[in-house]
Amino acid sequence: MASFYETADEVQTERAILVGVKLPGAIDYEFDESLKELRLLSTSAGARVLDIITQERKKIDPAYFIGKGKVSEIREKVEGEGANIVVFDEELAPAQIRNLENGLGVKVIDRTTLILDIFVKRAKTNEAKVQVELAQLNHLLPRLTRQWTHLSKQYGGIGTKGPGETQLETDRRLINNKIKILKKKLKKIDNERITQRKNRLDLYRVCLVGYTNAGKSTLFNCLTKSGVTTENRLFSTLDSTTRKLSDSNGHKILMTDTVGFINKLPHQLVASFKSTLDEVRLANLLIHVVDFSHPHYLKRIANVSEVLAEIGADKIPIIMAFNKIDKSPEPYAEFGHYFTPDLRNFFISSIKKQGIEHLIKRITFLADDNNSA
């Protein structure tokens with residue numbers, strides 16, 4: 001895929017220093033968790049993390065985001081450890097990136113750009129590639145400065161520059177034209193999905209949602225006896241995959257595995273992945289898969305719930321599937337407590353197949369109840 005931000009391939013060999021800024025009111029564990037996640041994102045992109053530098057500030061510096069003294073400190077680290085990229089945990093303004101790169105002497109990116117780059121690497125289908133490129137362009141457009149002079153080489157040549165246009169104006173026009181083309185492609189894909197859904201109106205639709213790396217694809221394979229790729233890394237699934245529920249005793253039930261959510265999920269991705277997220281919005285039932293072994297799983301539940309509300313899926317019936325009980329300190333499997341009395345919370349291990357049969361029974365019961373309504 002031709003894309004404007006081509007940092008995904010570059011990051012594979014990058015030696016990175018990560019930077020986090022703690023502002024007044026920040027909660028300690030949330031700040032620490034965000035930096036741990038930034039490390040995982042960086043390694044998922046192929047970078048080697050050399051160091052993590054933090055600073056507490058009363059407010060953001062408009063020129064550098066951090067203080068000038070901290071810029072000097074990071075530059076010493078960059079030169080001393082041989083780093084060639086610095087990754088900030090918060091979104092940076094174009095001027096801040098430019099000033100930081102001048103001050104540090106290396107490439108500077110922010111969390112949003114890093115996530116977008118990972119999506120570039122993970123995109124396999126045409127739909128995912130179009131969605132990711134659209135997100136990239138929507139992120140890039142307001143950040144265009146006079147430093148961007150390569151776009152006409154990539155998307156045009158002689159005759160691409162209009163009368164009296166500056167290079168910057170040409171670049172903006174090229175991006176806007178490309179955005180229009182991508183939106184038309186997505187509209188066509190969306191129409192094809194609508195046709196597919198019309199053919200599935202008699203089927204009960206179940207979507208797996210959850211934080212990235214919670215084990216959705218592993219559970220999906222358990223429920224459908226399929227072979228969707230499962231990897232212990234962030235965003236291993238970008239394309240929604242749909243299969244019939246196994247052991248459904250004749251019930252017409254479709255299961256869909258979806259892209260994982262994450263804290264500070266770039267809004268450009270939410271907007272661009274509309275057709276994929278429509279699978280979530282139009283489901284009869286959501287199964288929210290939670291990594292029960294994670295120390296801050298409640299916060300991750302809240303993150304996912306926020307995104308579900310943002311895309312208009314917060315009113316859909318939902319089952320909580322607390323996964324990875326084999327790694328959790330809570331002894332649910334030991335005592336056989338695989339669900340709560342209200343049948344809204346299930347405690348499972350997709351790897352060890354614990355509690356799966358109880359979850360399937362609940363899904364088929366709800367499908368029956370829906371069909372008889």
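Entry note, the range 16-102: relative contact order of 44 percent, from Cα contacts under 8 Å with a spacing of 6+ residues.
Going by how many other Cβ atoms sit within 10 Å of their own, how do 113, 242 line up, fewest first? Write down the numbers at each step before the final one.
Numbers: 113 24, 242 19.
Ordered from fewest to most neighbouring Cβ atoms within 10 Å, 113, 242 come out as 242, 113.
Give the order of 207, 222 when sorted by the count of other beta carbons within 10 angstrom, beginning with the fewest. Intermediate results must be reported in sequence, preceding the final value.
Working: 207 26, 222 19.
Ascending number of Cβ neighbours within 10 Å: 222, 207.
Taking a ≥ b ≥ c as the square roots of the eigenvalues of the Cα gyration tensor, an a/c ratio of 1.5 or more together with a/b larger than b/c marks the range 20-137 as prolate.
As a proxy for reagent exposure, 34, 42 were ordered by neighbouring Cβ count within 10 angstrom, fewest first; the result is 34, 42. The protection proxy used here, the mean number of other Cβ atoms lying within 10 Å of each residue, ranks peptides 13-19, 181-187, 123-129, 27-33 as follows, highest first: 13-19, 123-129, 181-187, 27-33.
Pairs 58/264; 225/361; 188/299; 124/187; 107/188; 124/327: which exceed 27 Å Cα-Cα? In this structure, 188/299; 107/188; 124/327 lie more than 27 Å apart at Cα. Packing around the peptides 131-144, 52-65, 314-327, taken as the average count of other Cβ atoms within 10 Å per residue, puts them in this order, highest first: 131-144, 314-327, 52-65. Electrostatic tally near residue 57: other residues with Cβ closer than 15 Å to its Cβ, Lys and Arg +1, Asp and Glu -1, net 0.
Which peptide among 337-343, 352-358, 213-219 comes first, and what is the full order, when sorted by highest mean count of other Cβ atoms within 10 Å? Could you put the intermediate results ahead of the total?
Values: 337-343: 13.1, 352-358: 15.9, 213-219: 24.6.
The densest-packed peptide leads the list: 213-219, 352-358, 337-343.
Taken together, the values in this text are just the output of simple stated rules run on the coordinates, not laboratory data. Source: prediction; values computed, not measured. So basically every Cβ, Gly included, is an ideal-geometry build from the backbone, and we count neighbours across all protein chains shown.
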